[in-house]
Structure formats: structure tokens, C-alpha cells
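A quick write-up on the structure given underneath.
Laboratory data are not the source of any read-out in this text; all were calculated from the coordinates shown. Since the model is a prediction, treat every value here as computed from it, not as a measurement. Quick reminder, even Gly has a Cβ in these numbers, built from the backbone with ideal geometry, and neighbours come from all protein chains shown.
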Amino acid sequence: MAPRAKIVCYFDIVSPYSYIGVKLLNRYKTLWNNVDVELEPVFLAGIMSGSKNQPPATVAAKGSYMAQDLDLVSATTGIPYSFPSQFPIMTVSVMRLLIVIKKHAADKYDQCIEKDEYWARDHDIAQKDILLAALAPILGTSKVEEYFQMTSEKDIKQQLIDNTNKALDVGAFGAPTFIVQKAGSDEEKMFFGSDRFELMSTFLGVPYPGLAFKNKSKL
Ligand SMILES: N[C@@H](CCC(=O)N[C@@H](CS)C(=O)NCC(=O)O)C(=O)O
């Protein structure tokens, strides 16, 4: 079998650019046949404190720039987006739940991550009932309850800490952070942000279809 490239994406759904980055990566991977993609939940606050960084919205000018920037990203990519009335929210239980789903319902993991409850529908997924209602149509009501119970297990909590530390170890200071490894080589590079896909494509030698890319058949 031909060697495959790999992209690991560290994301936290509290971050609007993570929401965009994951959706774009899931679109591009349909085009990049020889690239394996791994979506790894992290706790962004842990990355901020571990790298001694500050969330950008704590600087007023960055916060208002981000709001305009995200509107234009949404218009260009067609990814639905509307700034939620509650921000930031505590996403630790959401990210733990995604770890459980990745472990126990891997085939439904991407679909759960792709939900736009928070970043397009203003649903506060930090609230357990809202979170479970969002995922029940994908996982079923009893399974989603069962998985949520598992978020308090020690190994699930530890996995989120481990993912966050792994991201810090490779130099992450924010989200989304991508670790991109060339096919058949140990050469890898870190990219920060949902706006780095063109550079990732150059690094991997794969086509860059542009921000408006949605569907391979429409290229
Ligand atoms: N230009 C990047 C911005 C990404 C970004 O600002 N991410 C935030 C979280 S939503 C962050 O972690 N920022 C850290 C920093 O800017 O140092 C993009 O388009 O994705």
C-alpha cells in the first residue's frame, strides 16, 4: 500500500475557528485521498495557560476583528455561523463526550463534531440537556445518556488532559492546531488556524481547492 500522509487536528468547540477548521478539513479530506485525518478534542483553556497565551477576544480590537472576519469566512465557505449569545461557554464536558464517542461510536464521531448547534444555532451546549438533545438524533437517546455518564470516568478525563498536553508538547498556543506529516516520511509541521490549508497543501503536495470548496464533484 502507498504511504499515507497524516493530519492531526487539535480542536475545542469553544473556538469558532476550530468549528470552521474541522468542517473545512472534513471537506478537503474527501479530495485528499492519501491523507489520514485524526480529530483530537482538547481543552483550549489548558492550551492557553500551558503556553502562557491569552484568548484573542480578551483584546477588544481582536474580538471585533474576529466577529467581522468570521462573517466573511462563513459567507465564503458557506459554513453556517452566527455569534452565540453566550460566549465563551464551558466546553469541557462536550470535549469529554466527544472522546467517549470517538472511542465507542467512531463511525458517528465526525457527524457529532459537525453539529452546528453552538456556532450557528445559538444552542448552549454547555447545558447537558441541550447537548444530549443535539446528539440524540445521531446516537439515540439511551446511548447518548450512557456516553454522557462515561464523561465522569477517570480515563476519559485523563484522555482530554493527555490530548491537551500532547498539543502543548508539539508547540500549540491556540486552536485549531494541525500537525501535518508527509507521506512516507517523519517530516512534520505544525500549522495554527483554519486559514492555513493552502500552506498545508503546499507542504503535502496535494491540491488546494479554495475556501469555497464543498464538493469534489463540483470542482
Ligand atoms: N487566523 C486564525 C485564527 C485562529 C484563532 O484566533 N484561534 C483562537 C481560538 S478561536 C486562538 O486560539 N487564538 C490564539 C492566538 O491567536 O494566539 C484562523 O483563521 O483560524
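Here are a few things to note about the model shown:
- For the chain, the relative contact order comes to 32 percent (Cα pairs under 8 Å, sequence separation of at least 6).
- Rounded FRET efficiency, nearest 0.05, which uses the C-beta distance separating residue 170 from residue 65 and R0 of 35 Å: 0.85
- Residue separation of residue 136 and residue 90 scaled by 0.36 nm, minus their Cα-Cα distance, works out to 14.5 nm of gained length.
- Residue 215-residue 157 pseudo-label distance in nm [points 7 Å out on the Cα-to-Cβ vector]: 4.6
- In this structure, the residue pairs whose Cα-Cα separation is over 26 Å, taken from 52/108; 102/154; 128/189; 29/102, are 52/108; 128/189.
- Förster-model FRET efficiency, 35 Å R0, residue 116 and residue 185, C-beta, rounded to 0.05: 0.50
- Overall Cα dimensions of the chain - principal axes, largest extent first, Å: 45, 44, 39
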